[in-house]
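Down below is the structure, laid out as structure tokens.
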Amino acid sequence: MLAVFKNNCNRLWEEKMYLVVSLILMIVAISAAILLTAHIETKGNLALVVPDQQVLSERESALMANPYFNVTVLETTPETSALVQSRYDAVVTINADGNDAITTIKNPAFKTMVETALANPTGFAPDNRPIRQTGTNILGFMMMFLLMQGVLYARFFAEDKEKHLIRRIAMSPLPFGHYLLGHGLFIFLIIAVPSFLVLGVAALMGIDIGFSLPVYAGLIGVLALLATAFALFLNSFFEVADTANMLGSAIIILTSILAGSFYSLSKEATLFDKLLHLLPQKDFINFVNALEKGSLSQSTFAQLVYVFAISAVFLVIAVANTRNDYLYH
Amino acid sequence: MIAINLRNLYLISREDFKNLFKNPMWLFYNLVFPILLIVVLGFLQKDNYGGAVSAFDYYGITLMIYTVISSGMTSANAFMEVTIRKPNMRIIYAPGNERVIYLAKIVSSFGFCLLCHLTVAVLTFTLFKIRVDAIPQLLILLVLTELFSVGLGVMFCCIFKTEATANQILSIVINIFAILGGLLFPMEGYGAVVRSLSYLSPAKWLANASFAMIYDHNFAWFYPTVMGLILAIIVVFIICAKTFRKEDCIC
């Protein structure tokens with residue numbers, strides 16, 4: 001097992017260009033995640049259209065002071081494309097007679113909320129929406145990149161299969177379980193160590209990253225384990241690296257969005273929402289969210305266990321599948 | 001640079017083009033995956049929108065941009081695919097210019113991706129009644145972006161000589177661009193800092209140009225974006241020409 005691991009390290013060392021480039025990109029991706037989440041403001045964006053010579057009424061000034069809204073005063077109505085791209089969530093136009101008109105492309109519930117806010121700007125507070133905190137956001141952004149990196153770093157395993165080296169390994173005394181664990185250890189470390197170091201540097205620079213470093217070490221460990229297991233699982237099905245690669249990135253993008261790694265998608269406890277819990281990313285992000293808010297419960301721990309369990313299942317299938325393909329019974 | 005025999009280029013591109021259809025994964029990635037993405041995101045976000053503009057109106061456009069800038073993955077993988085290495089080596093030995101190797105990959109994957117993505121666009125846009133306008137201009141953007149991203153994939157292969165590095169770079173760069181540019185979810189509403197950061201991503205320019213044309217008949221973003229794309233395409237082709245070495249195709 002260690003021999004496979006060492007051999008992979010040597011293979012990587014042979015391609016220093018690849019090593020440097022992939023590490024730099026990993027650092028860039030994680031720094032981008034930290035940078036973005038550090039600056040995210042989750043306020044409602046309103047455009048207040050005030051035709052010239054119109055004085056702001058008391059009500060509108062109060063609206064501008066409301067901490068839940070980011071109000072921009074404009075002279076002309078913003079373009080529709082700005083609304084479509086969510087630059088403004090709603091446009092409030094002040095007519096000559098002093099009445100307000102609200103335009104929005106969002107759902108009626110949102111419009112009602114703006115109307116209430118406009119009617120009573122000082123006392124208005126939106127319903128306590130579960131807003132994510134920094135740590136959850138950082139891990140959510142990192143998740144997709146780490147999972148994709150896993151599939152990409154599984155390329156030595158894919159190369160073994162592509163070049164039929166694996167047939168020789170099948171003849172050697174090395175059990176397949178050990179062989180795959182060697183690959184797994186390599187993928188795990190090459191994902192976990194650089195990403196943890198970037199977070200460590202960020203913490204040393206005094207950037208607020210949400211969790212303490214030991215907690216991050218554990219969380220990144222879980223994520224790296226999932227990435228490793230999924231990468232080996234996927235690659236065990238295909239002979240060619242490209243196929244696993246493209247299918248893997250497609251699956252990861254789709255499931256990460258569905259799991260709400262960037263923002264939570266579904267609110268109600270629908271059947272669909274329950275089905276989404278089959279995705280390990282969803283359980284992981286839920287656990288992280290609960291951990292950051294200090295609302296851990298039995299069910300959130302169960303979600304963490306599920307992530308471990310599904311990683312184990314992936315690994316077992318990967319081993320069984322490879323053994324099935326290359327050992328003669 | 002020695003003149004390139006167009007007939008050779010055509011013949012090799014045609015074979016490469018046929019080869020792309022043989023791998024079901026290329027078809028899945030360029031045809032099924034974009035449709036899935038649009039359907040999933042559109043339905044999930046449906047409730048957040050009122051009647052005038054639907055979730056599909058936003059995600060249909062942005063995810064088309066995402067699909068198009070991902071074409072680099074196809075061209076990079078088609079360039080260095082296992083089954084295509086030996087044919088590439090034969091071309092080196094054949095009389096004629098060896099540049100046809102990478103030019104043919106660009107041409108064939110450009111044709112393949114364009115065909116797939118147009119199918120996706122026609123299908124989803126009619127099915128979900130996604131609002132489009134200024135179609136000729138949008139098609140110009142589509143063709144230019146497609147050419148750029150396909151060229152980009154081949155360029156990374158030429159620079160780094162291995163498919164693995166090219167894949168790694170492309171997957172990270174494309175997804176950072178996509179997230180920054182608000183392709184997977186709108187980024188505009190997250191405050192002034194994030195908004196200015198998003199302009200670092202070319203995807204943002206494309207999205208802005210498309211939305212301004214569709215909803216406001218505003219072409220102010222269109223011309224700079226087209227100029228930028230043409231410039232980027234020229235740069236990509238020059239880098240390909242400078243870094244391509246026929247020795248790399250020997251296997």
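The values are calculated or read from the model by the stated rules, or taken from the named source; none is laboratory data. Just so you know, these numbers come straight off a predicted model, no measurement behind them. Using ideal geometry, Cβ is built from the backbone for each residue, glycine included, and neighbour counts are taken over all protein chains shown.
Collect the residues in the range A:237-247 that are in contact (Cβ under 8 Å) with a residue 12 or more places away in the chain and surrounded by fewer than 24 Cβ atoms within 10 Å (Cβ to Cβ), keeping them in residue-number order. Break it down into steps so the answer makes sense when it comes.
As a first pass, look at the range A:237-247 and keep what is in contact (Cβ under 8 Å) with a residue 12 or more places away in the chain: A:237-241, A:244-245, A:247.
Of everything in the range A:237-247, those that are in contact (Cβ under 8 Å) with a residue 12 or more places away in the chain and surrounded by fewer than 24 Cβ atoms within 10 Å (Cβ to Cβ) turn out to be A:PHE237, A:PHE238, A:GLU239, A:VAL240, A:LEU247.
Is it true that some residue in the range A:131-143 is within 14 Å of chain B (Cβ to nearest Cβ), more than 30 Å from A:PRO194 (Cα to Cα) and not in a helix (DSSP H, G or I)?
From the range A:131-143, those within 14 Å of chain B (Cβ to nearest Cβ) are A:131-132, A:134, A:137-138, A:140-143; that's our starting set.
Then keep just the ones that are more than 30 Å from A:PRO194 (Cα to Cα); that gives none.
For the range A:131-143, residues within 14 Å of chain B (Cβ to nearest Cβ), more than 30 Å from A:PRO194 (Cα to Cα) and not in a helix (DSSP H, G or I): absent.
With the structure loaded, tell me whether A:ASN70 is in contact with a Gly (Cβ under 9 Å, 6 or more places away or on another chain), crowded, with 16+ Cβ neighbours inside 10 Å and modelled with pLDDT of 80 or more or whether it fails that test. Quick ask: steps written out before the conclusion?
Working: in contact with a Gly (Cβ under 9 Å, 6 or more places away or on another chain): yes; crowded, with 16+ Cβ neighbours inside 10 Å: yes; modelled with pLDDT of 80 or more: yes.
So A:ASN70 passes the test.
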Looking only at residues in the range A:45-67 that are among the small types (Gly, Ala, Ser) and at pLDDT below 80, which one is nearest to B:PRO186 (Cα to Cα)?
-> A:ALA65
Within the range B:226-251, can you find the residues that are within 17 Å of the chain's Cα centre (by Cα) and crowded, with 20+ Cβ neighbours inside 10 Å?
-> B:LEU229, B:VAL236, B:CYS240
Run down A:ALA217, A:ALA259 and say which single residue is modelled with pLDDT under 90 and more than 10 Å from chain B (Cβ to nearest Cβ).
-> A:ALA259
Please find, within the range B:27-36, the residue that is surrounded by the most Cβ atoms within 10 Å (Cβ to Cβ) out of those that are more than 8 Å from every other protein chain (Cβ to nearest Cβ) and under 18 Å from B:VAL150 (Cα atoms).
-> B:ASN30
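Which of the residues belonging to the range A:226-241 are within 14 Å of another protein chain (Cβ to nearest Cβ) and in a loop (DSSP other than H, G, I, E, B)?
In the first step, residues of the range A:226-241 are kept if they are within 14 Å of another protein chain (Cβ to nearest Cβ); the result is A:227, A:231, A:234-235, A:237-241.
Residues satisfying the conditions are A:PHE237, A:PHE238, A:GLU239, A:VAL240.
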Evaluate the range B:2-20: report whether one residue or more is over 28 Å from B:ILE250 (Cα atoms), more than 11 Å from chain A (Cβ to nearest Cβ) and of a type outside the set (Lys, Arg).
-> no
Test: A:SER86 is in contact (Cβ under 8 Å) with a residue 40 or more places away in the chain and on the phi > 0 side of the Ramachandran plot = yes
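Conditions tested, residue by residue: (1) surrounded by 14 or more Cβ atoms within 10 Å (Cβ to Cβ); (2) closer than 30 Å to B:HIS217 by Cβ.
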site	(1), (2)
A:MET17	no, no
A:SER22	yes, no
A:VAL28	yes, no
A:ALA47	yes, yes
A:LEU83	yes, yes
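For B:LEU63, state whether it is closer than 13 Å to B:VAL120 by Cα and surrounded by fewer than 24 Cβ atoms within 10 Å (Cβ to Cβ). Talk me through it step by step, then tell me what you get.
Details: closer than 13 Å to B:VAL120 by Cα: yes; surrounded by fewer than 24 Cβ atoms within 10 Å (Cβ to Cβ): no.
Here the answer is no, as B:LEU63 does not meet what is asked.
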From the list A:ALA117, A:ALA101, A:ALA154, A:ALA170, which residue is surrounded by fewer than 16 Cβ atoms within 10 Å (Cβ to Cβ) and among the small types (Gly, Ala, Ser)?
-> A:ALA101
